[in-house]
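Below is one structure, written out as structure tokens; comments come after it.
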Amino acid sequence: MKRMGITTTVPIEVLLAAGYQPIDLNNVLISDPDPGRLITIAERAGFPLNCCSWIKGIYGVCLDKGIEDVLCVTSGDCSNTIMLMETLKLKGLNAMPFAYPDRPDVHLILQAMEKLAAALGTTLKAAENVRKKLQPARDLALKLDELTWKNNRISGKENHLWLVSASDFNGDYRKYQQELQELLDTTIGRSPYPDNQTRLAYIGVPPVYAGELYSYIEKHGARVVFNEVQRQFAMPERGESLAEQYTNYTYPYSIHERLNDIKTEIQKRRIDGVIHYVQAFCHRGIGDIVFRSAIDLPLLTLEGNADFFLNNHVKTRIEAFLDMIQRKNVHKKVLSKNIK
Ligand code: SF4
């Protein structure tokens, strides 16, 4: 199969139907032993220092790994991708656009996917067949999510890793399915995390310092039991067709679609506090204003740039945030005891 890089989650069913192996370039960047090296490739080519590290890293990955075909999401993710696409073309890559519609409308997404299918020489009928083949892997990803918040048997980091990988199933959905099934089998013998731990929601794009963030939180008596965008990559609301699936997928549309999902899950998962991660130089950071006014829970905004580890400043802020929530919860318990 010929590899096709993707700049974020796209209808991979269409790519697979056309005989391409989708490769999420963000996942390649973050799992590289030295991601800073890939960002430097872009900076040396002239990308500004105040450009988001994911965009620069994707450019570096494409050149370093010899990716020839790239599907660039120009609407519904990041406007920087438009210029990224131009620079990739300049280097001789076959970089083509995919645009999510400006609103979650079945007919509009259908048109966008039909255009993509025609450009890649396949049909939506073939893509619907692929959708059925991916179903078991997507089911397992959602089972893992349930085991995280309902059964307390999966760590926040495991949840993050498996859900974020659902954007391309690590390039091989059968292997993903098999390995995830093996992991889920082992959870039967695991002791659950204590039910009285502080329960956190993580919202926003995946963090550059995921390798340390989740375990640091767990070291301090808390756990992320909801990874918002990562869960969306697994397509939790699949609907009856590909068009419905990618209409229900909240990330490309307005922040209000995301908020509806976030608020529902916050309530269902008994969340105590929210971490909103923003990437330096990203327009999505402005959404923090909306989240802060709409979410009635303690909210910590964390920013990351090209630091793939937690610095002391971020660690202290996390500790103070958790301490505040934990004190508040103790206070609430004492109050309710006194009332009884
Ligand atoms: S983090 Fe923001 S600026 Fe960076 S690629 Fe994603 S949407 Fe674009």
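What follows is calculated from the coordinates using simple rules that are stated; it is not laboratory data. In this text the structure is predicted, and so the values were computed from the model without any measurement. With ideal geometry, Cβ positions are generated from the backbone for all residues, glycine too; neighbour counts draw on all protein chains shown.
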Percent of Cα pairs exceeding the 19 Å cut-off, where the set is segment 115-169:
44 percent
Whole-number percent relative contact order across segment 78-194, with pairs defined as alpha carbons under 8 Å at least 6 apart:
18 percent
Of the residues 133, 315, 328, which exhibits the maximal mean-square fluctuation in a Gaussian network model of the chain defined by a 10 Å Cα contact cut-off?
328
Highest-MSF residue in the chain out of 211, 66, 273 [GNM, Cα springs under 10 Å]:
66
Sorted from largest to smallest, which semi-axis lengths in Å does the alpha carbon gyration tensor of the chain give for its equivalent ellipsoid, taking the root of 5 times each eigenvalue?
34, 23, 19
Quick one: compute the contact order of the chain, relative version, from alpha carbon pairs under 8 angstrom and 6+ residues apart, as a percent.
17 percent
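With n ≥ 4 as the cut-off for DSSP H runs, can you work out [θ] at 222 nm for the chain, using -39500 (n - 2.57) per run divided by the number of residues, rounded to the nearest 500?
-17000 deg cm²/dmol
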What does the convex hull of the alpha-carbon atoms of segment 89-181 project to on average, in nm²?
8.6 nm²
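Expressed in nm², what is the orientationally averaged projection area of the convex hull enclosing the Cα positions of segment 2-140?
About 9.0 nm², averaged over all directions.
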Calculated log₁₀ intensity ratio I(q)/I(0) where the Debye formula runs over C-alpha points of segment 121-270, q = 0.10, 0.19, 0.21 Å⁻¹:
-0.36, -1.24, -1.45
Dipole size in debye (nearest 20) for segment 144-225 around its Cα centre, Lys and Arg Cβ +1, Asp and Glu Cβ -1?
240 debye
Under 8 Å for C-alpha pairs, at least 6 residues apart: give me the relative contact order for segment 1-138, rounded to a whole percent.
27 percent
How big is the dipole moment of segment 73-125 about its Cα centre under a simple scheme where the beta carbon of each Lys and Arg is +1, that of each Asp and Glu is -1, and everything else is neutral? Debye, nearest 20, please.
180 debye
